[in-house]
Each structure stands twice: as C-alpha cells, then as structure tokens.
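Okay, structure first, notes after.
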Amino acid sequence: MRTSYQYRLQPTYEQRCQMSRWLDMLRHQYNWLLADRFDWWEMNRCPVNACPLVASIAEPREQPNYYNQKRSLVPLKSERSWYKEIHSQVLQDMVKRVNLAFERFIKGDSSGKRSGRPRFKGQHRYRTFTFPQASHDWIDGNRVTLPKIGPVKFICHRPLPEGFALKTVSMSLKADGWYVTFSLEDKSVPELPFPEVIPTEANSLGLDAYSGP
C-alpha cells in the first residue's frame, strides 16, 4: 500500500531562498530538455501517408531519452557550476519528469490514452522538487534533514504511521508557504480496489430539486 502525508514547513529565510533558487534552476533545465525533445521530434518525424518530396536533412544525432539526458547533467555541472548546488538525485528526478511528460504525449499511458503537448514551465509554474530516495533517518521529531539543505522544521499535526517505509520526500511551494510530502509504502498492506458500481433501480436514489416558497 502506498500513501502520502503532507506537512507545513517552517524553513529559515536562508532555506527558503535556497529552495526557491533550486526551483528556478530546475525549471530552466526542464524547459531546455523538453525543447531538445521537441527539436529532435520535429526534425525526424514523418507521417507515413504524407512524406514530403523535398525536405532538409537534419544532422544525425542520438534521439533524446531519459538515459542520455540524465548523462547530460555531468557536463551541465561543469559548464554551469551553480547546478552543483542541487542534489544529484533531485536533478535526475527532474529529467524523469521530462521523460514522463513527453512519453505520455507521444506514446500514451498504460491504457494507450495520450495527454496533450507538454507545456514549457513559466515562472512560478515549476513548484515542486523531489528526493526520490529517502530514509526514515531523515526525520527526527518535527524536523526533516534534507541533503544539501539541512534540518528543516515542519508542523507535525499527525504522526507518521508505523511500519511504512519512507520512499520519497517532495518539497512544494504553495501560495501560503512551503510544504513537505512524505510518500510511504508498506507492501504487507494490500491495496483496496474500488469496486465498479453499475447503476440499478435498487442502488439508485432520485431527488427532486426544491427552490423554496
């Protein structure tokens, strides 16, 4: 079973500035990688029933995918040293988000349903970053210690359930401040599927609208 618990954060001024800076850098790189996907796709796609008679020949290059875009993070840190400030797994999760958005647009999800064309993230539209490999050792009372950020206070209005393993930690900027989301998993607890209900006369209820006197 997978579940999530969200808490309001109480970061220091320096921590708020640092996390906001991370979001801005992640947003720029997300847009760059998404543009690279679109550039390759537009230059190499060709409908079977509408092949042009005259076309420019694009310079051959490897199709962008999750793995080679993840490898591009190494030269990125060399060319733009400020990206070294961001934890490596947070950067890799950003690449995963690009891959997921583009794959749903091109191939669709597991049921074959395709989503719309991925949009570039404008300012304040990239609001979450994730540590994909977290540990319960990060949590101590009402503090969560994040790599490269340090201990951050959160309002623990309810305790985390026992027996669940901490899988990911996500930091989100909302209108009223920062929040942390702990994604938990316990494989011993089965998922409860929602039964499909078919409307019948026995399980349906009719109501008359009443607008008053």
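Of the residues that sit in the range 112-167 and are in contact with a Leu (Cβ under 9 Å, 6 or more places away or on another chain) and among the hydroxyl-bearing types (S, T, Y), which one is surrounded by the most Cβ atoms within 10 Å (Cβ to Cβ)?
Taking the candidates together, the pick is Y126.
Hey, any hits in the range 105-123 for a residue that's part of a helix (DSSP H, G or I) and either charged (D, E, K, R) or farther than 21 Å from M19 by Cα (or both)? Give the steps one after another, and end with the answer.
Quick first cut of the range 105-123, residues part of a helix (DSSP H, G or I) only: 105-106.
Checking the rest, the ones that are also either charged (D, E, K, R) or farther than 21 Å from M19 by Cα (or both) come to 105-106.
The answer is yes; a qualifying residue exists.
Do any residues in the range 144-163 that are farther than 20 Å from P11 by Cβ have Cβ atoms under 9 Å from those of residues that are assigned to a loop (DSSP other than H, G, I, E, B), where the two are at least six apart or on different chains, and which pairs are they?
What qualifies is P161/D186; G163/D186; G163/S188; G163/V189.
Which residues, taken from the range 146-172, are part of a strand (DSSP E or B), of a type outside the set (S, T, N, Q) and closer than 13 Å to Q6 by Cβ?
Narrowing the range 146-172 to residues part of a strand (DSSP E or B): 146, 150-154, 165-172.
Restricting the remaining residues to those that are of a type outside the set (S, T, N, Q) gives 146, 150-154, 165-167, 169, 171.
Within the range 146-172, F154, V169, M171 qualify.
Does Y7 meet the test of being touching a His at 6+ places or on another chain (Cβ under 8 Å), surrounded by 12 or more Cβ atoms within 10 Å (Cβ to Cβ) and either of a type in the set (F, W, Y) or modelled with pLDDT of 95 or more (or both)? Outline the logic, then answer.
On the way: touching a His at 6+ places or on another chain (Cβ under 8 Å): yes; surrounded by 12 or more Cβ atoms within 10 Å (Cβ to Cβ): yes; either of a type in the set (F, W, Y) or modelled with pLDDT of 95 or more (or both): yes.
Here the answer is yes, as Y7 does meet what is asked.
Exactly one of (1) under 28 Å from W22 (Cα atoms); (2) at pLDDT below 95; (3) among the polar types (S, T, N, Q) is unmet by N49. Its number?
If we test N49 against (1) under 28 Å from W22 (Cα atoms); (2) at pLDDT below 95; (3) among the polar types (S, T, N, Q), just (1) comes out false.
Any idea which of G150, G177, G163 is at positive phi and at pLDDT below 95?
On the way: G150 fails: at pLDDT below 95; G177 fails: at pLDDT below 95.
Sole residue among the options that is at positive phi and at pLDDT below 95: G163.
Which of the residues that make up the range 124-145 are outside any loop (DSSP other than H, G, I, E, B) and touching a strand residue (DSSP E or B) at 6+ places or on another chain (Cβ under 6 Å)? Break it down into steps so the answer makes sense when it comes.
Filtering the range 124-145 for residues outside any loop (DSSP other than H, G, I, E, B) gives 128-131, 136-140, 143-145.
Of everything in the range 124-145, those that are outside any loop (DSSP other than H, G, I, E, B) and touching a strand residue (DSSP E or B) at 6+ places or on another chain (Cβ under 6 Å) turn out to be T128, F129, T130, F131, H136, W138, R143, V144, T145.
The values are calculated or read from the model by the stated rules, or taken from the named source; none is laboratory data. In this text the structure is predicted, and so the values were computed from the model without any measurement. Every residue, glycine as well, gets a Cβ built from its backbone with ideal geometry; the counts of neighbours run over all protein chains shown.
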